[in-house]
Amino acid sequence: MIRLTRTQVKIAERILATIPLALGVAIVAFVFMRAMPGDPVDIMMGEGAWTSEEEMAALRDEMGLDEPIHAQLWAYLKRVLAGDLGYSMIRSRPVAEIIREALPATIELAVFSLLFALAVGIPVGVASALKPNSFVDRAGASLSLLGVSLPAFWLGIVGVLIFSMTLGWLPTSGRIAYDAQPAHITGMVILDAIITGNLPALGNALKHICLPAVTLGLGVAAVVARVTRSSMLDVISADYIQFARAKGVPEGEVTRRHALRNAMIPTVTLVGLQFGSLLGGNMIVETIFGWPGLGRVVVDSIFARDYPVVQASVMVYALTFVLINLATDIIYTVLDPKISL
Amino acid sequence: MKIRTTLIIIVIAILAVPGFVPAALGTSKGQLSVIIDTESIRADEAQAIAHNLRAIGVSADVRIWEWSALKERIQAGERQIYLTDWGSAYFDPFDIVVPKFLTGDRGNYTGYSNSRFDAALNQALLAVDADVRKDAYFDAQQILFDDAPAIFGYSLTEVEAARSDVLNWQPSMDSRVNLHDVGLARGDTIVVGLYADKVVTLDPAAYRDRPTETVIRNMFDALVTRTWDGRVVPEIAEGWRAVSDTEYLFKIRKGIKFHNGDSLDVDDVVYTFDRVLREAGMGGRTSPRQGLLGPVEKVEKVDAYTVRFVLSAPFPVLPQALVHFQIVPRKHLERVGDEAFAREPVGCGPFRYVEGRLDDRIVMERFDGYYGGSPMLPPVATAQVKRAIFRMMPDPTVRVAALKTGEVHVIQSVPAHLVSALRRDRNIQVKSVEGTRVYFAEMNCTRPPFDDPKVRRAMNYAVDWDTILRTIYAGNATRLSTAFLPSGFGFNPDLAPYKYDPARARALLTEAGYLTR
């Protein structure tokens, strides 16, 4: 028999707990979507003469929309438990296929936004904390304020105007040029380019992801900088830091090994939460940059009342949130052995 | 666009004080008080109309809605004035005036009903003789104008733009992007920045929206097509004739090949229509396009190159309708199935499908076996560019930026406020065509105060459309006298729109018994 450590059992428990959660989320999404006025047939058929009530009724019948709500919900849950996410009412394709196609683009964008946010936010936060009230600190604080305040739809467009139209450095939108595409492996273009060693594709994809990743990541960078600064300030005045210094540990080492590592815990919490919202809150950025990700699919499907797509996407979002939280908790234990799951 | 719309709706919903103002004040009619409903996209316009109404002593407020929610309340007859619009695809009042204003029809949100008007429309619908139809439409227009169930508005001019190295480019009134006829001064790949978030499918039987049609019509041809200004001309068909009011014969051109090498014949045509007309005809699903064929009952083979359309009632706009039914290859489709066909479509159009993602881009390449297309739309040859790419670019500003940087060659739906900037750019050509969508403010004719035509006419005199169109839409709009479009059949150009005349509006309101301060 395999013996699991206490931590492994905890992790397994948390993963199993996502199943009822996903079903709960599916039910909520189902009920909310049905509570909205309008239905997919009505919206798809829109205008047009000669669309008879009978024709619309026939389509509703085909989509199962004329059944009572509880029967629809029951049928839906049965299908989901069997692993079938259903068929899009508008896009004439299986929902699983739509999500599988869109999700890699969204993950790619979220990861790069997060990398950008960390690469900018942590150094700025640390530098500010090391010299409080200095010029660096004030500049950092002002930039953070700007970063959290600027809305993405404005920032994105201004970015396009400056970097694409005026300077001509970056493409306005899209994910990669048609003639530069790497072979399809994971669906994440940059990863695929790295795996296949396709340098031109990598360069092209990186150029395309710059503006959207910065637009999406700037707000997060600002929050990361602020949180890192304040937790760093707390830690740096702690006794054990003074002690380390008194021991004669070089200042760089004090900052890196003793202060930063302990100061990172609030940042990790924050990053966990923010990564979830980067995955789920990128509709505007995806729309501006024509980024073919899940956010656009969801918004569009909500407007079109494409119930199966919305329900499945909401489940995907919920699951990612839970899994990211789990990952965050695991990282805590690594950063601070005193913490256990 | 939609996201921003949602945000605006939320913000306004929070800010606005929701209040229901009773429609009328019983017999002792006091001051007229109305709420104007709109989607957020036309909020400015609604505010301007409210301002105009306040100027004649009407207490007017604006409320912003999501469309489906508003529509439900409108159909329940609970609202008063609502800004709506309706598009026409057939260049005939058949698919705009009929659904909007015929008694009890699907799009009739005003509850308007006038038997004389209905009779005139029905006459136009059933007659095949063009003069009879025209006269009937003229009658209907006059009645509609006098009854004024809506504050009649405008149609927006459709502005499109292309790089100046795109040759022979001409926007179409049916918003088709015809890439067969265009050439490029430099390069061999033409890129179109499509205004949509996605195309829903590549199967010509499975959609109802225009962006999807725009893409599909470059890979598929139909029996007939249109010139850019809306005239129906033969495409796959050599010609057609009406045998009677309810029977049409179409002759099919010989020697047309599909992208997979199969020859196109009458069986493909019959199959295409059968797939749309039959319940569950699309691999178990019913085509959402069924209704667009109106009273077409069946489509049958006469001989190898002749096909017969049998109708259950006269349908004079049949040729206009057939522009929108692209012919699919029977043998291929039966072999691969509907789902695989939608994934990798095979048509007989100027471009063949290469690869793509519906919410990203669709790539197609010139089909070298193309028969040349409609002889009425030169050049009659294979496409001039080697490759065509449609990119989904939902954000209008980014679309314009991409055109300016040369990333895309053609864009549609240029926002009104960016038109002048594009016109100044030497590398860009801007062209516009008349729109085929009517915008108006409908009134609830079933309840006071708008059950009184005097009040409705007063509203029409009260609104200063010229100022609204100039300031909000930068003049890219055509003022309309009714819901009949100038591009449509049977339009009466002599019927002038309501003039902006606040004094007359006030007088009419007073006559109807309202205080106008």
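Read-outs: derived from the displayed coordinates by stated rules, not from any lab. For clarity, every value in this text was computed on a predicted model and none was experimentally measured. Don't worry about glycine lacking a Cβ; one is built from the backbone with ideal geometry, like all the others, and counts go over all protein chains shown.
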- Express the relative contact order of chain A as a whole percentage, based on alpha carbon pairs under 8 Å and six or more residues apart in sequence. 27
- Once Rh is set to the Kirkwood radius over Cα pairs, what Stokes-Einstein translational diffusion coefficient, in µm²/s, holds for region A:161-227 at a temperature of 20 °C and a viscosity of 1.002 mPa s? 163
- Considering every Cα-Cα pair within region B:380-450, what fraction, in whole percent, is farther apart than 21 Å? 49
- Square roots of five times the C-alpha gyration tensor eigenvalues of region B:335-468, ordered largest first and given in whole Å, equal 42, 24, 17
- Difference of contour (0.36 nm per residue) and Cα-Cα distance, A:Thr196 to A:Leu145: 14.3 nm
- Using the Cα atoms of region A:86-177 to build a convex hull, what is its mean projected area in square nanometres? 9.1
- What is the Cα centroid distance between region A:145-169 and region B:162-230, reported in whole angstrom? 31
- Which lysines have a Cα less than 21 Å from the Cα of B:Lys404, not counting those fewer than 8 places away in the same chain? A:Lys207, B:Lys431
- Item | Binned Cα-Cα distance frequencies in region B:278-360 - 10 Å width, integer % | 13, 39, 37, 10, 1
- Which FRET efficiency, nearest 0.05, do B:Asn260 and B:Ile41 yield, Cβ-Cβ r, R0 60 Å? 0.90
- Message: For a distance above 24 Å, tell me the whole-number percent of Cα pairs in region B:148-262 that qualify.
- Response: 44
- Please find, in a Gaussian network model of chain A (springs between Cα atoms separated by less than 10 Å), the residue of A:Pro308, A:Pro40, A:Pro200 whose mean-square fluctuation is greatest. A:Pro200
- Task: May I ask for the Rg/Rh ratio of region A:17-81, computed from Cα atoms with Rh as the Kirkwood radius, given to two decimals?
- Result: 1.08
- Message: If you scale each eigenvalue of the Cα gyration tensor by 5 and take the root, what three semi-axes come out for chain B, rounded to whole angstrom and sorted largest first?
- Response: 43, 28, 20
- Item | Label-point gap, in nm, between A:Val136 and B:Ser312 - each point 7 angstrom along Cα→Cβ | 8.0
- Beyond 15 Å, what percent of the Cα pairs of region B:89-160 remain? 55
- May I ask you to list the lysines whose Cα is less than 24 Å away from that of A:Lys338, ignoring any residue fewer than eight positions away on the same chain? A:Lys10, A:Lys247
- Item | chain B - charge dipole about Cα centre, Lys and Arg +1 at Cβ, Asp and Glu -1, debye rounded to 20 | 1000
- Message: With the cut-off at 21 Å, tell me which of the pairs B:Lys254/B:Lys386; B:Lys71/B:Lys454; B:Lys257/B:Lys301; B:Lys198/B:Lys257; B:Lys301/B:Lys331 have Cα atoms farther apart than that.
- Response: B:Lys254/B:Lys386; B:Lys71/B:Lys454; B:Lys198/B:Lys257
- Determine the equivalent ellipsoid of region A:103-335 by diagonalising the alpha-carbon gyration tensor, then write out the semi-axes as square roots of 5 times the eigenvalues, largest first, rounded to whole Å. 35, 21, 18
- Message: Let's test this: bin the Cα-Cα distances of region A:222-283 at 5 Å from zero up to the farthest pair and state each bin's percent.
- Response: 4, 18, 23, 18, 13, 10, 6, 4, 2, 1, 0
- Query: In region B:29-91, how does Rg compare with the Kirkwood Rh, expressed as the Rg/Rh ratio over alpha carbon atoms?
  - Reply: 1.04
- Query: Which FRET efficiency, nearest 0.05, do A:Thr333 and B:Glu355 yield, Cβ-Cβ r, R0 35 Å?
  - Reply: 0.15
- For region B:209-343, alpha-carbon Rg relative to the globular expectation (2.2 N^0.38 Å, N residues): 1.00
- Item | Reduced Cα scattering model of region B:221-288, Debye log10 I(q)/I(0), q = 0.26 Å⁻¹ | -1.14
- Message: If I take every Cα pair under 8 Å that is 6 or more residues apart in region B:158-433, average their sequence separation and divide by the length, what percent do I get for the relative contact order?
- Response: 32
- Query: With the calculation restricted to Cα positions, what are the radius of gyration and Dmax of region B:158-433 in angstrom?
  - Reply: 18.6, 56
- Mean shadow area (nm²) of the C-alpha convex hull around region A:1-109 is 10.8
- Only residues of region A:300-341 count here: report those whose backbone N is under 13 Å from the spot 7 Å along Cα→Cβ of A:Leu16, or say none. none
- Item | Where trypsin sites (Lys or Arg not before Pro) fall in DSSP loop in region B:93-191, at most 10 other Cβ within 10 Å | B:Arg186
- Query: Which value does Rg/Rh take for the protein assembly as shown over its C-alpha atoms, Rh per Kirkwood?
  - Reply: 1.01
- In whole angstrom, the spacing between the Cα centers of region A:42-109 and region B:39-89 equals 31
- Query: According to a simple spin-label model (label point 7 Å from Cα along Cα-to-Cβ), what is the distance in nm between B:Ser113 and A:Ala183?
  - Reply: 6.9
- Note on the structure: Here, B:Arg241 and A:Ala96, labelled 7 Å along Cα→Cβ, have an inter-label distance in nm of 5.7
- Cα-centre dipole for region B:42-85 with unit charges at Cβ (Lys and Arg positive, Asp and Glu negative), debye to 20: 120
- Note on the structure: The FRET efficiency for B:Glu334 and B:Gln123, from their Cβ-Cβ distance with R0 = 41 Å and rounded to 0.05, is 0.45
